[in-house]
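Participant: Here you go, one structure.
Each value in this text was obtained by applying a stated rule to the coordinates, not by laboratory testing. Everything numeric here is computed off the predicted structure, so don't read it as measured data. Because the Cβ atoms are built from the backbone with ideal geometry, glycine has one as well, and the counts that use them run over all protein chains shown.
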Amino acid sequence: MKLPPSSKNWLTIIGSIIAIINLLIIIILFAVSTIFQKGNTYLGLFIYIILPGFMLLGLIMIPIGMIVRRRRMKKETEAGKYRLPLIDLNDIRHRNAFVIFTVSTIVVLFLSTFGSFQAYHFTESVEFCGKLCHKVMEPEHTAYQKSPHANVTCVECHVGSGANWYVKSKLSGLHQVYAVLTKTYPEPIPTPLHDLRPARETCEKCHWPQKFYARTLQTNKYFLTDSINSEWDVMLQMKTGPEYSGFGFQEGIHWHINPAVKIEYISDNDKREKITYVKYTNKTSGEITIYRNNENPVSDSLIAASSTRIMDCIDCHNRPSHNYNSSPVYFNKILLNGSVSKDIPFIKKVAMGILKQAFSNKDSALMIIRDSITKFYKSDYKEYYLKNSILIDKSITSIQKAFSENTFPGMKVTYDVYPEHIGHLESEGCFRCHNNNFKSESGRNITRDCNLCHSIVGQGKPGAMQITNVRGNLEFIHPVDIGTAWKEANCCDCHKFLY
């Protein structure tokens, strides 16, 4: 086939070879992934991002080589340096070049459009976010898969709709890719508090405020660390909304997001765990109340220099998809669902003593869990172990699985690295503001009364529980006798370090 002389140069030839080879590889891999359903995250990375990049490089080399060759040819003749490119379709060489260029341009445009569409969806997929950088994102991806939002894609919350946020996320992603390649990422990965879209632009697409009215009855089962792993139930009426739905947002937990009020606060750190200043504004009446923390006072100049945050959903629901349970919490769950037999004497106490350790890596942690539990029952409960070794072994496997889903030594991720602000058992949560220390000039204070959010309607061991009606309220009884200490300190003061 006759082609213009300018096409006969090594740069153009090499570029053509690179483009053709990469196109063939893309076609083959795409056929494999589609027909034989052998696709995975890394295959998609090559098909839609890496190989198209090399093919584009080859295509760019083709005209560059022709331009360079043409300039050299011009220098060879005096008249040639003033001539512009001449396209004569009567010339077979020009006609062939024109046909090749037109056909290849149409094919490239089609493939580029299809590839760009697929690349867009690939980079927006959960697999791309969670599996591509496996070690770095393993904690987040694992926790996400067992969360209530497991069917919601990562980008729905982390990016949302709109071109501006999409571009911002991709630019941020370039920095993250660089950090992974150079291994300069922090361990653990900090929560991107300042890079997340406001909850009203993400959460409230599904959970708009007017949905939150009904109160719910919640029963929690706990297991003690005695020989029989005694059960202890606590039944709570959660006051998410008012007693009568017609009252709207006038009372209840979700009063905080009442559209008629605005709650602003200042935190003394980026994690929003230590609140120093709260401002309440009634949008209807214009009433403004300022609350200051007497235990942690701040000056007016510091308040003026600080940026306030308007309270929204994620100030409490801060772990909606990436929640890491502590060992007592996930152990209660596997005891409850029968994955670990509660008939094994002291199984919770033994497990808690092991799981509170700091492990250097996952493999050694799993080995220590198995060896330590096995050694305990072989030495202290030899006869029981001989009769129930299969039951103990099965329980150990379940403990290892639960550990692997909540603790990630490789990234230094434990439950207390990312504390959850709902409740107050293992982090200050509600008590960040509701601690009796925030007072206004008029004498009003943000009370620590737990009954604002819930009331205890049942508690105790199954079969011997204290019960009251849904409008009643029982005084809390601690499962283990600690006197009145539970009244004088926050729950997390003990539970945070108990195990």
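Participant: Taking a virtual spin label 7 Å from the Cα of residue 416 along the C-beta vector, which residues in the range 462-499 bring their backbone nitrogen under 13 Å of it?
Facilitator: Residues 492-499 qualify, since their backbone N sits under 13 Å from the label point.
Participant: Gain in length, residue 393 to residue 296, computed as 0.36 nm per residue apart minus the alpha-carbon separation, to one decimal in nm?
Facilitator: Values: separation 97, 0.36 × 97 = 34.92 nm, distance 5.04 nm.
Gain on extension, residue 393 to residue 296, equals 29.9 nm.
Participant: Considering the zone a paramagnetic label at residue 384 would reach in this model (a point 7 Å from Cα along the Cα-to-Cβ line), which residues of the range 299-334 have amide N under 19 Å from it?
Facilitator: Counting backbone N atoms under 19 Å from the label point, the list is 331-332, 334.
Participant: Follow-up. Does anyone have the angle between helix 51-76 and the longest principal axis of the chain? Alpha-carbon axes, 0 to 90°, nearest 10?
Facilitator: Relative to the chain, helix 51-76 is tipped by roughly 30 degrees.
Participant: A further question follows. When the scattering of the range 327-411 is computed by the Debye formula from its Cα atoms alone, each counted once and equally, what is log10 I(q)/I(0) at q = 0.11, 0.25 Å⁻¹?
Facilitator: Debye curve over Cα of the range 327-411, log10 I(q)/I(0) at q = 0.11, 0.25 Å⁻¹: -0.26, -1.33.
Participant: Treating the angle as unsigned and between 0 and 90°, give the value, to the nearest 10°, between the Cα long axis of helix 362-380 and the longest Cα principal axis of the chain.
Facilitator: Computed tilt is about 30 degrees.
Participant: Hey, what angle do you get for helix 134-145 against the long axis of the chain, alpha-carbon based, 0 to 90 degrees rounded to 10?
Facilitator: Long axis of 134-145 versus the principal axis of the chain: about 50 degrees.
Participant: How much length is gained if the chain between residue 268 and residue 153 is pulled fully straight, taking 0.36 nm per residue apart and subtracting their Cα-Cα distance, in nm to one decimal? Numbers along the way, then the final one.
Facilitator: Values: separation 115, 0.36 × 115 = 41.40 nm, distance 3.24 nm.
The span from residue 268 to residue 153 would gain 38.2 nm if fully extended.
Participant: A follow-up question, please. Order these by the 10 Å Cβ neighbour count, fewest first: 193, 56.
Facilitator: 193, 56
Participant: Please rank 366, 355, 196, 24, fewest neighbouring Cβ atoms within 10 Å first, as an exposure proxy. Spell out each step's value before the answer.
Facilitator: Details: 366 18, 355 23, 196 15, 24 12.
Going from sparsest to densest Cβ surroundings: 24, 196, 366, 355.
Participant: Moving on. Between residue 405 and residue 230, how high is the FRET efficiency from 1/(1 + (r/R0)^6) when r is the Cβ-Cβ distance and R₀ = 35 Å? Nearest 0.05. Before the final figure, lay out each step's value.
Facilitator: Working: r = 26 Å, r/R0 = 0.73.
E(calc), rounded to 0.05, equals 0.85.
Participant: When a footprinting reagent is the concern and you count Cβ atoms within 10 Å, what order do 236, 335, 217 take, fewest first?
Facilitator: Numbers: 236 18, 335 23, 217 11.
Starting with the residue having the fewest Cβ neighbours, the order is 217, 236, 335.
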